[in-house]
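Each remark here refers to the structure printed beneath this line.
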Amino acid sequence: MFNESDFKKHLSTGEFKNLYLLYGEEKMLVKRSTEQLLKKLSGGTLSDFNYHAFSSDVSINELSLAVDILPFMSELNIVRVADLNADKLSTADFQSLMQVLGSVPATTVLILAMPTLDTEPKANMKKLIAYIDKHGVCVELRHHTGLQLERDLCRWAKAGGCTMSELTAHHLVMTAGGELNILNSELKKLCAYADGGEITPEMIDRLVPKTVEGRVYDLFGYIIAVNTDRALSTLDALLYQQTSAVSICTVLSREYIDAYRVRCAAESGVDTAQIAEDFGYGRRAWVLNKKPSQIRRVTTAALRRSIDELTAVSERLVTTAVNERVELEKLVCKLALFAEDKSDD
């Protein structure tokens, strides 16, 4: 199984296989990698005679006919199928598909790419992945996270004629989320606005709409820093956007739990990578990296009391008729008091 780095090395060799499968959670990378493969195979020009593209509704018979076409004035016949969901095929169609894969001519390259298909592989898909991994090239493209993602954004900003620090890139991720498609779109907008200059956090705040997670991340930061005025104004903005009180509590609780895990890990001599693995953070693992510096002035006991208070408020919100705004404002003030308390040092 190839990752993104392995696939780049494979493309650089010029030694291509007849079968490719590109899939994974990061759809933008699937699309981009497929385009890179097509460019390498075709030399930059895709001919109507030797390039055949199909969508997910292609029949297996139609696919078989396309695979068997002899290339015309070219070395290769290239066939690409987008988002073919093997798990939705009938038993007979899946068997026919596997027969097609097993008889791809030496002059044909068959590419199965999943640029939008977002589903967990089941029986047929797992068999398809295993087969192509053995007889061709199977590429799983995962989300970029943490420092890698921030460096990607800085590199893309440079390609767009602008500069951006890694700290500013982190601010963009916390504002817009970690999806590359969204980040790419927002970065293009920022590059146009910066007009060859430096992209700053102020530009991001002015131009990029914040996700709920981004605003709650800000809320957590203001509470931890005991900046109650900014915390309450951020809470007000969340409520103005009609974000539910339960959602605010849920995301804020997650921030505190992340912080508590990082603190306990540090006190036990365990690194954040191990914590991410033990608790199944997956693509969210990068959120742990910034927590140590963020909570350095907050005691472990304060974090523990904060989680207890968040649990109590969350329970009241779903079981009792309460004034949600009042409950949340009281919660923010109490959490700030906990953060300020150093009596447990």
Exercise. Assuming a ≥ b ≥ c are the square roots of the Cα gyration tensor eigenvalues, decide whether the stretch 74-124 counts as rounded (a/c under 1.5), prolate (otherwise, with a/b larger than b/c) or oblate.
Key: oblate
Quiz item: What are the aspartates and glutamates whose alpha-carbon lies under 13 Å from the alpha-carbon of K27, with same-chain residues fewer than 8 places away excluded?
Solution: E4, E35, D83, D118, E140, E179
Exercise. Could you pull out every one of the lysines with an alpha carbon less than 16 Å from that of K342, ignoring same-chain neighbours closer than 8 positions?
Key: K334
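For the chain, with all protein chains present and a 1.4 Å probe, just round the carbon and sulfur fraction of the accessible area to a whole percent. List each step's numbers first, then the result.
On the way: 8910 of 17720 Å².
Answer for the chain: carbon and sulfur cover 50 percent of the accessible area.
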Quiz item: Put E166, E309, E340 in order of accessible area, largest first, 1.4 Å probe: what do you get?
Solution: E340, E166, E309
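Can you give me the accessible area per residue for the stretch 146-283, using a 1.4 Å probe, in Å²? Can you show the working numbers first?
On the way: 6700 Å² over 138 residues.
Value for the stretch 146-283: 49 Å² per residue.
For the stretch 254-328, rounded, prolate or oblate, judged on the Cα gyration tensor with a ≥ b ≥ c (square roots of eigenvalues), a/c < 1.5 rounded, else prolate if a/b > b/c?
Details: a/c = 2.69, a/b = 1.91, b/c = 1.40.
It is prolate, given that a/c is not under 1.5 and a/b is the larger ratio.
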Quiz item: If you compute log10 I(q)/I(0) by the Debye sum over Cα atoms at q = 0.09, 0.11, 0.13, 0.15 Å⁻¹ for the structure shown, which of (i) -0.48, -0.70, -0.93, -1.19; (ii) -0.46, -0.70, -0.99, -1.31; (iii) -0.66, -0.87, -1.04, -1.19 do you land on?
Solution: (iii)
Quiz item: To the nearest 10 degrees, how steeply does helix 245-268 sit against the main Cα axis of the chain, on a 0 to 90 scale?
Solution: 90
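Per residue, what accessible area does the stretch 1-88 have, given a 1.4 Å probe and all protein chains present, in Å²?
On the way: 4810 Å² over 88 residues.
Normalised by residue count, the accessible surface of the stretch 1-88 is 55 Å².
Hey, could you grab the Kirkwood Rh for the stretch 136-208? Inverse mean 1/r over distinct alpha carbon pairs, Å, one decimal. Write down the numbers at each step before the final one.
On the way: mean 1/r = 0.0810 Å⁻¹.
For the stretch 136-208, inverting the mean 1/r across all distinct Cα pairs yields 12.3 Å.
Which shape class, rounded, prolate or oblate, goes with the stretch 192-273 when its Cα gyration tensor gives a ≥ b ≥ c as root eigenvalues, a/c under 1.5 marks rounded, and past that a/b bigger than b/c marks prolate?
Numbers: a/c = 2.29, a/b = 1.33, b/c = 1.72.
Here the stretch 192-273 falls in the oblate category.
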Quiz item: What do you get when you divide the Cα radius of gyration of the stretch 103-151 by 2.2 N^0.38 Å, with N the number of residues?
Solution: 1.49
Quiz item: Pairing the Cα long axis of helix 4-13 with the longest principal axis of the chain, what angle in degrees results, from 0 to 90 and rounded to the nearest 10?
Solution: 30
Quiz item: Per residue, how much accessible area does the stretch 285-345 have with a 1.4 Å probe, in Å²?
Solution: 55
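Taking 2.2 N^0.38 Å as the expected size of a compact globular protein, what ratio does the Cα radius of gyration of the stretch 98-235 give against it, to two decimals? Mind dumping the intermediate values first?
On the way: Rg = 21.1 Å, N = 138, 2.2 N^0.38 = 14.3 Å.
This ratio for the stretch 98-235 stands at 1.48.
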Practice problem: Starting from the eigenvalues of the Cα gyration tensor, five times each then square-rooted, give me the equivalent ellipsoid semi-axes of the stretch 1-105, largest first, whole Å. | Solution: 22, 19, 12
Quiz prompt | Relative packing of peptides 288-297, 86-95 - highest average C-beta neighbours within 10 Å first | solution = 288-297, 86-95
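The values are calculated or read from the model by the stated rules, or taken from the named source; none is laboratory data. The structure displayed is predicted, hence computed values, not measured ones. So basically every Cβ, Gly included, is an ideal-geometry build from the backbone, and we count neighbours across all protein chains shown. All accessible areas refer to the heavy atoms of the entire protein, side chains included, with ligands and DNA or RNA removed. Shrake-Rupley method; radii C 1.70, N 1.55, O 1.52, S 1.80 Å.
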